[in-house]
Amino acid sequence: PPEKRNCFFGYRTYRSMLSDETWFYANSYCGRLWYIYGWVMMPVSAIILLPFIDSTDTTVSVIGLIEVIFQLAAMSLTIFLTDKKLKQTFDEKGDRKE
């Protein structure tokens, strides 16, 4: 994760920017989720595209676009999962719950 909280890169939500601890926790957690999602999505995407290897460029483009939409939806889910985990682990001030 980025070492310092900033407005330009990293996992930036209200909860993640409450403290340095929430910043590091959120970026580490979300990064792990993205790593896992990436390894899962890579073979799935390849398997879905394989039957269309000899299809027209338009067909491949449409299938690729549909895949990208589903991938974006899956990656967006990590925002909700990470904020849920932050809420379970930290209070409203950004202090770790006991």
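The numbers here are math on the coordinates, done by the rules we state, and not lab data. Predicted model, so just to flag it, every value in this text is computed and none were measured. All Cβ positions, glycine included, derive from the backbone under ideal geometry; neighbour counts span all protein chains shown.
Tell me the mean residue ellipticity at 222 nm calculated for the chain from its helices only (DSSP H runs of n ≥ 4, each -39500 (n - 2.57), averaged over every residue, nearest 500).
Values: 2 runs with 63 residues, N = 98.
Rounded to the nearest 500, it is -23500 deg cm²/dmol.
Classify the stretch 1-46: rounded, prolate or oblate, from the alpha-carbon gyration tensor (a ≥ b ≥ c, eigenvalue square roots; a/c under 1.5 rounded; otherwise prolate if a/b is larger than b/c)?
Values: a/c = 3.27, a/b = 2.77, b/c = 1.18.
Cα axes put the stretch 1-46 in the prolate bin.
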(request) Please check which bits of the stretch 79-98 a label hung off Val44 would reach, taking the label as a point 7 Å along Cα-to-C-beta and the cut-off as backbone N under 18 Å. (result) 79-82
(message) In the chain, if the dipole is taken from +1 on Lys/Arg beta carbons and -1 on Asp/Glu beta carbons about the Cα centre, which of Asn27, Val44, Ser61 is farthest to the positive end?
(response) Asn27
(message) Please give the Cα centre distance for the stretch 36-89 versus the stretch 1-27, rounded to the nearest Å.
(response) 25
(request) Measure nothing but the geometry: give the 0 to 90° angle between the long axis through the Cα atoms of 20-49 and the longest principal axis through the Cα atoms of the chain, rounded to 10°. (result) 10
(request) Note down the magnitude of the dipole of the chain about its Cα centre, charges +1 on Lys and Arg C-beta and -1 on Asp and Glu C-beta and zero elsewhere, to the nearest 20 debye. (result) 380
(request) Quick one: angle between helix 57-89 and the longest Cα principal axis of the chain, in degrees between 0 and 90, rounded to 10, please. (result) 20
(request) For Lys85, list the lysines whose Cα falls under 16 Å from its own Cα; do not include residues on the same chain fewer than 8 positions away. (result) Lys93, Lys97
(request) Could you pull the Cα extents of the chain along its three principal axes, largest to smallest, in whole Å? (result) 56, 26, 18
